[in-house]
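A short worksheet on the structure shown next.
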Amino acid sequence: MPKQLTAREHWNQAAKYYFDGDRRRTIKAARLAMRLNPNYFRLHRIIGCVYLSTEPVDCETALKEFRELVGKDPRWPEGHEHLGRALC
């Protein structure tokens, strides 16, 4: 029987997939991590970055992800930075 991955392991996979350029798997792993641990809301950043860096660029979905991030973690400056850049 295959081992079930933890939320943190899915997070690590999402980061690896992102830097390897596998955008689809990045989103899948990030969503799984957030489903297992809703407190991993900073994964909205990596998902938003995927939508901004993949052709065709999907600004609306990226903005949605960054707004989720800022709403859940308003004290994290990087979330506001990403939201601001996407709005520009």
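For this structure, a couple of remarks:
- Of residues in segment 1-58 being among the small types (Gly, Ala, Ser) and within 27 Å of LEU87 (Cβ to Cβ), the one surrounded by the fewest Cβ atoms within 10 Å (Cβ to Cβ): GLY21
- Check on ARG35, within 21 Å of HIS10 (Cβ to Cβ) and not in a loop (DSSP other than H, G, I, E, B): yes
- Going through (1) among the acidic types (Asp, Glu); (2) part of a loop (DSSP other than H, G, I, E, B); (3) touching a Gly at 6+ places or on another chain (Cβ under 7 Å) one by one, GLU65 falls short only on (2).
- No other residue among TYR51, TYR40, TYR17 is hydroxyl-bearing (Ser, Thr, Tyr) and in a loop (DSSP other than H, G, I, E, B) apart from TYR40.
Every number in this text was worked out from the coordinates using simple rules, so none of it is lab data. No experiment lies behind these values; they were computed from the predicted model shown. No Cβ is skipped: glycine too gets one built from the backbone with ideal geometry, and neighbour counts run over all protein chains shown.
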